[in-house]
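Scroll down for the structure; my scribbles are underneath it.
Read-outs: derived from the displayed coordinates by stated rules, not from any lab. Keep in mind the model is a prediction, meaning the values are calculated, not measured. With ideal geometry, Cβ positions are generated from the backbone for all residues, glycine too; neighbour counts draw on all protein chains shown.
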Amino acid sequence: MGTSVFRGSFDGRDVAVKVTQCNQYNLLKFQRLLVDSYQLAEREIDLLRQADHPNLLRYFCSEKDRQFIFIALELCQGDLDFYVQHQIDFEHDLPRDAILSHCCAGVEQLHSLGVIHRDIKPSNILITYGSRNRCRRAVIADFG
C-alpha cells in the first residue's frame, strides 16, 4: 500500500501523477486498508475539484482501475521543506512574506469550503511557476 508521484503528461502539459496503489500479493490481508485508501483518494479528488484557487494544488483529472487511482495534478518544482533544507535562495522570485500570504490565501479558500487541512507543514507547501506569467507561487497540497 502506498502513494507514489511520477512525472507525466496530460492534454499537452507536464503534470504530476499521484498514484494510490494496491498490493495484489496481500489483497485479502489489506482489503480493508485498500477500501480506506480508495475512499481517501476519492475524498481528495472531490476536494481538489472544488478547491479551484491559485494557492491550492491544481487538479486536472483522475482515472482508476482495480489496482490504482491516478490523479493528474499541477507539476511543481519542489516543496518548501526541500528549499529550506538545501538553503536554496529564491527570495527575489518569491519572498518569504509572499509564501506566508499565499499559504494564508489557500487556507482561507479551504475554510470557505468547510475544509480543515490538519497537516500544514513545509513538505505540503509546494513551489511552482504559474502557467500565465511564470511567477513562482506557493500552493498547498495533500488535502487527503
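Each peptide in 51-58, 92-99 gets a packing score, the mean of other Cβ atoms within 10 Å over its residues, and the list from highest to lowest is 51-58, 92-99. For a paramagnetic label modelled on Arg66 (point 7 Å from Cα along Cα→Cβ), amide N atoms under 17 Å away belong, within segment 38-60, to 38. Extension gain for Gln39-Leu100 works out to 18.9 nm (0.36 nm per residue, less the C-alpha to C-alpha distance).
For segment 12-19, backbone phi angles converted through the Karplus equation (6.51, -1.76, 1.60; θ = phi - 60°) give residue-by-residue couplings of x, 10, 6, 9, 9, 10, 8, 10 Hz, Gly and Pro being listed as x. The label point for Asp81 and the one for Glu108, both projected 7 Å from the Cα toward the Cβ, are 2.7 nm apart. Dividing the alpha-carbon radius of gyration of segment 53-94 by the rule-of-thumb value 2.2 N^0.38 Å gives 1.65. Across segment 55-144, Cα pairs under 8 Å and at least six residues apart give a relative contact order of 36 percent. For Val15, nonlocal amide neighbours, meaning residues 5 or more places apart or on other chains whose placed amide H falls under 5 Å from its own, are Gly8, Ser9, Phe10.
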